[in-house]
Amino acid sequence: MQTRNPLLDHFDGIVVGRLFAKDFAQPQRDFDFYRTRSIDQIECSISNVSSAHTYPEFIAAVASANAFIDSAYNLEVIDLNEKVQWVGKLHAAHKNQLVEA
């Protein structure tokens, strides 16, 4: 015969309480917070493309800008029209950037 462990019963109660809580799996902050953070990250990474001095910095900046844009789109923080605008700004920064050898 198995005896019940009171610590596990307490833990089970906590888990069940969290699973059925009203805020279960909900973000702790609102949509505007995440949108602002995403747009700040995109703007910063595009400015890093413009200010890169070496080829490795340039490639890393382009990759991070693309990653931030794709991430914001996939998380539905920006819509397709905004993604196109950000990709256009990234393209302009990429086209205007001069990396000296």
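The values are calculated or read from the model by the stated rules, or taken from the named source; none is laboratory data. Model, not experiment: these values are computed from the prediction. FYI the Cβ positions are ideal-geometry reconstructions off the backbone, even for glycines, and counts take in every protein chain you see. For accessibility, only protein heavy atoms count, side chains too; no ligands or nucleic acids. Shrake-Rupley method; radii C 1.70, N 1.55, O 1.52, S 1.80 Å.
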Quick one: which of 53-59, 16-22, 42-48 comes out on top by average Cβ neighbours within 10 Å, and what's the full order, highest first?
42-48, 53-59, 16-22
Got a sec to turn the phi values of region 66-71 into Karplus ³J(HN,Hα) couplings, 6.51 cos²θ - 1.76 cosθ + 1.60 with θ = phi - 60°, whole Hz, x for Gly and Pro?
4, 5, 5, 5, 4, 5
State the percentage of accessible surface on region 10-83 attributable to carbon and sulfur atoms; use a 1.4 Å probe and exclude ligands, DNA and RNA.
58
What does the highest-first list of 29-39, 61-71 look like by mean Cβ count within 10 Å?
61-71, 29-39
Relative contact order computed over region 10-101 (Cα-Cα under 8 Å; 6+ residues apart), in percent
32
Taking percent of Cα pairs over 22 Å apart straight from the coordinates, which label in (1) 52; (2) 38; (3) 42 is the correct one?
(1)
Calculated [θ] (222 nm, deg cm²/dmol) that DSSP helices of n ≥ 4 give over the chain, each run adding -39,500 (n - 2.57)
-24000 deg cm²/dmol
On average, how much accessible surface per residue is there in the chain, in Å², for a 1.4 Å probe, leaving out ligands, DNA and RNA?
79
